[in-house]
Amino acid sequence: MIINFNKKIYSLKSIKKAIKDYSQLANFKIGQKKNYFLVKITKIKPELKDIFQDEFSNYVLSLHQ
Amino acid sequence: MRKNKIVFSLDVTTYSLQAIYATAYSFVDRVYVFLDRKGKKIKVVLESKGNLKKKGLEDLKKEFHNELLNYLLRVEIAKRNQKIRDFIVGTALVSALPTELLTQSSKPEISGTADWQKDPLGIAIPWEEKYGKKKRKTKKKSK
């Protein structure tokens with residue numbers, strides 16, 4: 001699963017912090033392509049698979065506060 | 001509008017990013033919020049955590065817009081009152097300091113004046129008093 005975070009909205013600092021906080025629940029890789037930070041998520045805990053992407057995005061957004 | 005999801009866009013020139021962040025934050029307990037940007041438009045995706053019908057999603061969008069206006073005003077007022085707020089907080093912090101700390105900071109000045117009055121280096125003595133007599137002696141010698 002890959003999430004595209006727009007660079008003009010999401011900061012790399014908050015993405016990294018979110019990855020650090022969620023690191024126990026899945027494996028992450030960060031990349032970038034033009035205006036986006038790409039976060040590749042693998043080995044998600046099976047019980048969280050359905051909500052993981054949305055919850056992670058929400059958490060990244062909440063770190064901007 | 002897809003199942004449980006509503007998508008709309010906001011103009012960055014009308015709504016500040018700070019206000020959008022704050023509004024999104026107030027919604028994260030009820031919906032999944034995802035933002036994207038294309039030019040001057042910010043695409044907002046709200047996906048409900050529970051099951052919502054079309055009407056419910058429309059209401060959510062309206063509520064988001066209302067909250068956005070609320071935060072826009074808050075941000076604007078915060079900007080306008082920043083100086084006075086900083087001043088009030090600064091004054092409150094200083095007045096909350098223990099009186100001992102405040103008096104300690106003024107002690108060196110008092111001791112400084114005391115040292116000056118004592119004049120341990122003898123620099124407060126006028127030139128005439130210090131060297132005036134010597135000159136007279138040299139005059140006598142020359143005669």
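Readers should treat all values here as calculations from the given coordinates under stated rules, not as data from a laboratory. What you see is a predicted model; the values in this text were computed from it and never measured. Neighbour counts are summed over all protein chains in view; Cβ atoms, including those assigned to glycine, are modelled from backbone coordinates with ideal geometry.
Tabulated data
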quantity: Principal-axis tilt of helix A:52-62 within chain A, Cα atoms, nearest 10 degrees; calculated: 40 degrees
quantity: B:Y32 long-range amide H proximity, modeled H, under 5 Å; calculated: B:E47, B:S48, B:K49
quantity: Sites matching GluC sites (Glu not before Pro) across region B:62-102 that sit in DSSP coil, with at most 14 neighbouring C-beta atoms within 10 Å; calculated: none
quantity: Simple spin-label estimate for B:K41 and B:V94 in nanometres, 7 Å along Cα-Cβ; calculated: 5.2 nm
quantity: Charge dipole (debye, nearest 20) of chain A; +1 at Cβ of Lys and Arg, -1 at Cβ of Asp and Glu; calculated: 480 debye
quantity: Set A:K16/B:K43; A:K40/B:K61; B:K3/B:K43; A:K13/A:K45; B:K41/B:K61 screened for pairs whose C-alpha atoms are more than 26 Å apart; calculated: A:K40/B:K61
quantity: Sequence-distant residues sharing a close amide H with B:S9 (under 5 Å, placed H); calculated: B:V44
